[in-house]
Structure formats: structure tokens, C-alpha cells
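Heads up: the structure comes next, in C-alpha cells.
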Amino acid sequence: METPYKPLYYGDYLQLPTILDAQKPRSGELNAPTAAAHDEMLFIITHQTYELWFKQILHELDAILTVFAQNPVPEHEVARAQHRLERIAAIGPILFQQIDVLETMTPMDFLDFRDVLYPASGFQSVQFRLMEIKLGLNRQQRVLTHLPLSEVDKERISEAEKQPSLFSLVELWLERMPFIQKPSYSFWKEYQAAVERMFAHDRSMIETNAAMSAQVVSDMLTQTDMNEKSFRAFFSEDAYNALRESGARRLSFKASQAALFVLLYREYPILHLPFRLLQALIEIDENFSVWRYRHAQMAMRMIGSKVGTGGSSGFDYLMRATAQHRVFADFSALSAFLIPRGSLPPLPQEVASMLNFVYIDRQEQDKRTAKSNAAGDYVKTQMQSHFPHAFLIREKVENGAIELSYTFPDDEAAAHALTFIAPLIDGMNAEYGVDVRVKAVPVHAV
């Protein structure tokens, strides 16, 4: 079968001659190539592999950002974005597993070529900086803001900082969640009431436990008071915003409410995808933290407390970055505000029905509607024919059932009408599967 493409050779497709010729150990440049430090090849290949994975992560991130930049975000595209986030999360372990290979190089092996690296440094990985920016790491969080980069790379970073990050776009997406506030329902009020009941129950259990000493009871009640105090701070928008101003929180109050709603009611079908998306963000954050920690430990093993080749404080810088360079820590912190399933307030039917998948066969629905309408019309015809003094005051249709309310001149006429129509309705409901109800009341009772 002919195709518009020319025959392809494996090595040409992967550009293998270019890739496999891209390892140029510097330690052999001044002397004979045979004098090159043996482990410099491992060092180069490991870092080139990192950069290839960084390129893949950026490729996925750009696609994800395109999805969440829409308003509203189409649901089927959220599923695609979530799948790509899980791919990024799956790449994470590969990054820190490569350290296992790199650590087969001893500190003495590294010293054989460390001098030829100055002033090159991992700080100059512009792809890694772009990943941090696109994920949502802001300038205030960075341990090192003035990086020794080329002008071209500085421009790439500057342009990336002008664009919305994944953190900011997910925050906006959560703020638009439609389920947590309805005219007849407020998730936040129901949640606060549930928390208050939970703590009241906890205190009751502590105070009535005869097996505990008075001191233990006092200590546990004090701890319960502290736990409740942290919850109450979370309930107040002013207190929460004070935490944001201090840098203890980044996520908006409204987005935090929506994220907590997702975590608490994640078993509902519509919320399961957002739950998996939030879990993927948490996992990505954790993976980068593990990678930074492993990198710091490797630096300590290789160079101790020496200054890094890029001029940083080496191990000290890497450990501070591990602690500070978190993007989605607010989602992880919400675990402190989860309550047991048994304490969760049940969702009203209006909200619960919105969170379940509902398949409607339109043809079947139209048939049922036509059958129900025909049944209602038949009953009305019979009532008008046999009881000309009856007056239809209300016709109500709810969940497929038809309810007809009539007035009659007196009690006797109303009772007679019900006696007449009851067997007719029962037979029709049984045969056609429709639900028609008739109410008959005398005029004086209306």
C-alpha cells in the first residue's frame, strides 16, 4: 500500500548520529582522549537524559495549560489534561532513579573531572526553570532568583513568567465549581455544622471515658480545643486571607473550599476526575521534592560542604530549595481538614443528582412522556364526563407522576368521585406503568 511518506530508517528517525555524537568529555581535550576521566561520560549522559525528560514534561505542560486556559474548561478535555498530568507524575520516579546510577560514581571519580565543569551548573538548566514557572513556582518562593544564564535563556524565562501558570489556572477552575453553593444549599455552612458536631462528639467520648485519668482527659481536651481552633481559623475568610498575606497559604479561599469539597465527596462520579487531577498535582509536587532531596544528598556525598560549580552554597542551597520550592502544598495541607465519612453531611438531592452520571434515552423518555400525558388526559375526560360540577384547580407533574386536584360541591360528591375513579386509575397505572393520582376535596375545605 502506497503512502505519502518515504521509507524510514530507525537511526535517521531518532537522529541517533546527532544524539550519540553529543557527548564531548572535556577532561580529554587538553590531553590525549584516552586520558579523559572515565566517569565523565556517565555524568554527561545522565544530565542529557534529564534534559530530554524535562523537554517531555514541558511538552505535556504546554498542552495542559492550553486546556485550563479556556473558560469554561470542557469536561472531556479535563480528562485529557489529567491523563497528561499522570504521565508527568510517572516520569518523576525516573528522574530520581537516575541518581542511583549516577551514584555509582564515587567522590574521587567525580574529582577527576570536576575542575573542567566551572562555571557550568545545574542552575543553568533553563528547561528546569521553565518547568517550575509553568507549574506555578513564584519568584518569592525561589531560593536563588538571579541565575547565571545566557541572554537568550533569560528572555525565555521572562516570557514564561508573563503567562498564567498551572497553579493559577487550576485555582480559577476550582473557583468556578458550581456545586458548593446553591439557593437552598451551602456546602460551607453544612461542613462547619458537621465539624462542630464532630468535636462535640469527641469531647463527649473523652469526658465519659472512665478508663482515663483526669490528667489524660485534660490533655486530650486541650488537644481537641487546639484542633478545633485550627478548623475555626479555616472557616473565617478574613483569617484565611491573613494566612495568604503571610505566605502560609497561596490558594484562594473560594478555591480551597472547592478543593475540600472534591476531597470529601470524591466518590461521586462527577468529582472523581477532579479528585484524581488534584492527586496528580500533589504527586508531581512530591516527586520534585524527592528529586531535590536526593540531589542534595548526592551533592553532600560528592562534594561535602564545598561551593557548587555554579557558585551556590551546594548542599545548603539544595536543601533550602527542597523545603521552599513547593507549588501545590495547599492541596496536601487540606488533609488536615478532612472529616470521617460517617460525619459528612449528606448532600441534598438537588446537588447529589448533579454529581451522578445520568444516561437518558431520549426516545424512551419521549414515549413515557406521551404515555403519561395520554393517561392524564384520559382521567380528566372521565372526570369531566361523570362529574360536570368538578373543577380542576391544579395539575402537577413531578418525577413522571401526574397529580390532579379537583374541588366538589360537598363531601359526599368528593367521596363518590374518588370511589369511582380509584379502580380506573389502578388498572391504568398497572397496565401502562404510569402514575396518575387524583385528589378530591369539597369547596369548603379548600
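Every number here is computed from the coordinates shown, using simple stated rules; none is lab data. Source: prediction; values computed, not measured. Counting neighbours? That spans all protein chains shown, and the Cβs are built from the backbone with ideal geometry, glycine included.
Things to note:
- Region 417-435 versus region 190-219: alpha-carbon centroid distance in Å: 56 Å
- Partners of residue 229 within straight-line reach, counting aspartates and glutamates whose Cα lies under 15 Å from its Cα and excluding those fewer than 8 residues away in the same chain: 196, 202, 237, 238.
- Folded to 0 to 90 degrees: helix 315-324 orientation relative to the chain principal axis, Cα: 10 degrees
- Couplings 3J(HN,Hα) of region 381-390, computed from phi: 5, 4, 5, 5, 6, 8, 9, x, 8, 6 Hz, in residue order, whole Hz [Karplus 6.51 cos²θ - 1.76 cosθ + 1.60, θ = phi - 60°; x for Gly and Pro].
- Estimated from helical segments only, the mean residue ellipticity of the chain at 222 nm is -20000 deg cm²/dmol, where each DSSP H run of four or more residues counts as -39500 (n - 2.57).
- Separation between Cα centres of region 37-107 and region 116-142, rounded to whole Å: 14 Å
- A full extension of the chain between residue 201 and residue 232 corresponds to an added length of 9.5 nm, given 0.36 nm per residue minus the alpha carbon distance.
- Rounded if a/c under 1.5, otherwise prolate or oblate - region 142-235, Cα gyration tensor axes: oblate
- Cβ-Cβ FRET estimate between residue 426 and residue 353, R0 fixed at 22 Å, reported to 0.05: 0.15
- Approximate spin-label separation residue 341-residue 272, in nm, with each point projected 7 Å along Cα-to-Cβ: 1.4 nm
- Cβ-defined net charge surrounding residue 112, 15 Å radius [Lys, Arg +1; Asp, Glu -1]: -3
- When you restrict to C-alpha pairs under 8 Å that are six or more residues apart and normalise by the size of region 362-445, the relative contact order lands at 32 percent.
- Members of 182/371; 55/254; 182/396; 189/396 lying beyond 27 Å, as alpha-carbon distances in this model show: 182/371; 55/254; 189/396
- When 377, 109, 330 are sorted by how many other C-beta atoms sit within 10 angstrom of their C-beta, beginning with the fewest, the order is 377, 109, 330.
- With the convex hull constructed from alpha-carbon coordinates only, the chain shows a mean projected area of 40.1 nm² over all directions.
- Proxy reagent accessibility, fewest Cβ within 10 Å first, across 264, 243: 243, 264
- Helix axis angle, 411-432 relative to the chain longest principal axis, alpha carbon, degrees: 50 degrees
- Against the empirical 2.2 N^0.38 Å (N residues), region 1-117 has a Cα radius of gyration ratio of 1.52.
- Inter-site label distance for residue 419 and residue 386 at 7 Å from Cα along Cβ, in nm: 1.1 nm
- Rounded to 10°, Cα long-axis angle of helix 214-235 versus longest principal axis of the chain: 90 degrees
- Counting neighbouring Cβ atoms within 10 Å and putting the fewest first, the residues 26, 292 line up as 26, 292.
- Approximate spin-label separation residue 405-residue 19, in nm, with each point projected 7 Å along Cα-to-Cβ: 7.5 nm
- Backbone amide hydrogens, once placed in the peptide plane, bring residue 437 within less than 5 Å of 402, 403, 404, excluding anything fewer than 5 places away on its chain.
- Rh (Kirkwood; distinct C-alpha pairs) - region 362-445, Å: 13.2 Å
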